[in-house]
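Report on one structure; see the data block that follows.
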Amino acid sequence: MSKEILLVVEAVSNEKGVEEDVIFEAIEAALASATRKRYGEDIDVRVAIDRTTGEYDTFRRWMVFADDSTELEEPARELRVLDAVEYNPDAQPGDYVEQPMASVEFGRIAAQTAKQVIVQKVREAEREQVVEEYEGRVGELVSGIVKRVDRNGAYVDLGGNAEGFIPSEHLIPREPIKPQDRIKSLLAEVRAEVRGPQLFLTRASPRFLVELFNIEVPEVGQGLIEILGAARDPGLRAKIAVKSNDNRIDPVGACVGMRGSRVQAVVNELQGERIDIIPWTDNLVDFIVTALQPSTVSKVILDEEGIPSIVVVPDDQFSLAVGRRGQNVRLACRLTGFDVSIQTETQEKELRQAEFATRTKLIMDAIDIDEVFAHLLVSEGFDSTEYLAACDLEELCSLDGIDLPIAEELQARAIRVVEAEREIALAEARDLGIEEDLIEFPGLSPKMLVALAKSGVLTLEDLAYSEDWELAGGSTFKNGKRHYDRGCLQDFE
């Protein structure tokens, strides 16, 4: 019987390419199961096979618990220390104590159980080998033959007992994949699971596009050209940003290839997906303008942080800039990381005029002047009472039609308005519970004090322990877009 065990271990190990220890452990588990069937399913059994001779011994064992433990739930498998010392005088809680028992023969039932366990162990070992082989290759291109396709996705034979799975949402939409097709995909994730797929692939990610160019364009593979960004609507359109590390190489031309041969090879793999190749630049305005190709851009309006926020295009270029269902501007935003909106020149002009009218009306009402004076002031940048109150009189006098007496009168009116607003704001801040030590703190205007009070900052100590982002706010990039976190002082310089 011992020779038979050794023969089984050697034969299965050679056939399946699995280590002999795995097979020995499977047979030990099978013999332990057969022993429990004979003597009682409740007991705990351990079988030890000599790896050299094939002979084996069987032991019944118990787990040891402290004498005062309340965790004992299986009397047939557990003992308190006072009982365990009969088997091992040195027994401690957490140890196992054992007693030899009669071994069952490696007969038909044990062999049948062993076969089932061995098959399972072999499968587990094969899956572990696949995981070990591929876990360091995440982000690489792999190639295989489609085994089957269902509504959940496609199963791909990668060779060497490795099977990859492409979920339906990671396939290129309307892609005519069928069994026996050879396809490329990107290894996106490796999961060490007992059942189900372990290697998850994708053909829809931007990284897949980058890796295809890595293969088709030698300069990319050699590091002479870098692909610094990619955005895709799988199967429809994509944009990539490229940069040359060698002044002698045109990055766009190299990626396109002679008569478009290189980019066409990528397009064919992606089922006709159109690809725009954009030269990368660290000039934010130039980058967003180029990313919106093939449309023409009139101007780019920056936000307070110098980030492009509005792109103005000629009226007849609006549809081209936005693209079908917003595709062009959406891909440009993903590629650049800027969340921009598109406006026509007419729309931008109307908005600018509306803003000018609003500021004019505010100045007219605040310091009681006519529309002509208000237009003059706002057009020259004097569009707030705060600026009027603090500006140099010589600046005002430099405007047409304004002499020193008029300038002094305008500034006096602005100062009265500002002081009245300050008193109202101070009263509101005090009503909200702000303390005098914070009111007297230099650099904080009454409006700032109101904003702080509304945010719960009422004392100097509160201010000292406030985080920077709570006061000034900040911005982060998420999913290719800039997101702003408002701070209570974000509206103040």
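The values are calculated or read from the model by the stated rules, or taken from the named source; none is laboratory data. The structure displayed is predicted, hence computed values, not measured ones. Note: ideal-geometry Cβ built from the backbone for every residue, glycine included; neighbour counts use all protein chains shown. Side chains included, ligands, DNA and RNA excluded: accessible areas come from the protein's heavy atoms. Shrake-Rupley method; radii C 1.70, N 1.55, O 1.52, S 1.80 Å.
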For residues in the stretch 349-381 being in contact with a Lys or Arg (Cβ under 9 Å, 6 or more places away or on another chain) and not in a helix (DSSP H, G or I), which is nearest to Glu419 (Cα to Cα)?
Asp368
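Residues Arg191, Arg123, Arg182: which one is basic (Lys, Arg), within 30 Å of Cys255 (Cβ to Cβ) and open to solvent by 60 Å² or more (accessible area, probe 1.4 Å)?
Arg182
Filter the stretch 334-361 down to the residues that are open to solvent by 90 Å² or more (accessible area, probe 1.4 Å) and either modelled with pLDDT under 85 or within 30 Å of Leu228 (Cβ to Cβ) (or both) and list them by number.
Within the stretch 334-361, Arg334 is the sole residue that qualifies.
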Looking only at residues in the stretch 201-232 that are assigned to a strand (DSSP E or B) and open to solvent by 20 Å² or more (accessible area, probe 1.4 Å), which one is nearest to Asn268 (Cα to Cα)?
Ala230
Give the residues of the stretch 382-404 that are open to solvent by less than 60 Å² (accessible area, probe 1.4 Å), assigned to a helix (DSSP H, G or I) and not small (Gly, Ala, Ser), sorted by residue number.
Thr385, Leu388, Leu393, Leu396, Cys397
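Rundown of residues vs (1) open to solvent by 60 Å² or more (accessible area, probe 1.4 Å); (2) more than 49 Å from the chain's Cα centre (by Cα), yes/no style:
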site: Leu377; (1), (2): no, no
site: Glu380; (1), (2): yes, no
site: Glu408; (1), (2): yes, yes
site: Glu419; (1), (2): yes, yes
Which pairs do you get when a residue that is in contact (Cβ under 8 Å) with a residue 60 or more places away in the chain, found in the stretch 306-322, comes within reach of a residue that is open to solvent by 30 Å² or more (accessible area, probe 1.4 Å) and not acidic (Asp, Glu), reach meaning Cβ atoms under 7 angstrom, with the pair 6+ apart or on two chains?
Ile307/Leu284; Ile307/Arg482
